[in-house]
């Protein structure tokens with residue numbers, strides 16, 4: 001199997017899986033809780049304003065997944081996947097260790113690495129990017145991933161402060 005066919009299969013499978021996760025968060029499709037339910041859950045774990053973080057997560061997964069699957073503006077789609085999975089890894093899965101059967105970060109870590117690899121190496125010849133000749137210069141791609149990581153870190157700090165404040169209010 002050629003590298004481009006491998007990249008196509010990886011992009012389509014990962015992209016549509018993340019598209020589905022985003023559709024769950026935004027629209028309640030595929031058994032999801034929808035925007036309101038997701039925002040309520042994010043608020044319960046300290047994200048404020050929860051609507052903003054719900055929108056970022058949902059759009060990152062929904063549009064990131066679609067862009068990734070079709071190989072269109074691939075680095076941008078990969079950044080959406082990277083950011084949403086980095087947030088999930090740090091905020092939700094890290095305390096549980098590596099293995100997914102214990103609620104660990106194994107799965108988000110794999111998705112983070114795949115999104116980085118495809119963004120850095122390109123989507124392959126079977127992509128819209130190849131068809132239209134789109135490439136994002138490597139320095140801009142790297143800066144984009146760094147900015148995405150900064151947004152995630154800000155979100156984690158905000159949510160941790162919100163969680164601590166909620167715990168103090170409950171104790172009082």
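With a Förster radius of 45 Å applied to the beta-carbon distance between residue 170 and residue 17, the computed FRET efficiency rounds to 0.80.
Scaling against 2.2 N^0.38 Å puts the C-alpha radius of gyration of the chain at 1.08. Between residue 99 and residue 4, the FRET efficiency estimated from the beta carbon spacing at R0 = 35 angstrom works out to 0.60.
At a threshold of 8 angstrom on Cα-Cα distance, excluding pairs fewer than six apart, so keeping six or more, what relative contact order does region 58-99 reach in percent?
Numbers: 31 pairs, mean separation 14.7, N = 42.
Normalised by residue count, the contact order of region 58-99 is 35 percent.
Both numbers refer to the Cα atoms of region 1-87; Rg and Dmax are 13.7, 47 Å.
Computed per residue of the chain from DSSP H runs no shorter than four, each worth -39500 (n - 2.57), the mean residue ellipticity at 222 nm is -25000 deg cm²/dmol.
In the elastic network of the chain, a GNM with C-alpha springs shorter than 10 Å, the most mobile of 15, 37, 71 is 37.
Would you look at the GNM of the chain, springs on alpha carbons closer than 10 Å, and say which of 122, 104, 22 moves the most? Of 122, 104, 22, the Gaussian network model singles out 104 as fluctuating most. Can you list the residues of region 105-138 with backbone N under 17 Å from a point 7 Å past the Cα of residue 146, pointing along Cα to Cβ? Inside the label zone: 120, 137-138. Taking 49, 75, 108 as the candidate residues, the one with maximal mean-square fluctuation in a Gaussian network model of the chain, Cα springs under 10 Å, is 49. Relative contact order, whole percent, for the chain stands at 25, derived from Cα pairs under 8 Å and 6 or more residues apart.
Read the figures in this text as sums done on the coordinates, not as results from a lab. On a predicted model such as this, the values are computed, not experimentally measured, just so you know. Counting neighbours? That spans all protein chains shown, and the Cβs are built from the backbone with ideal geometry, glycine included.
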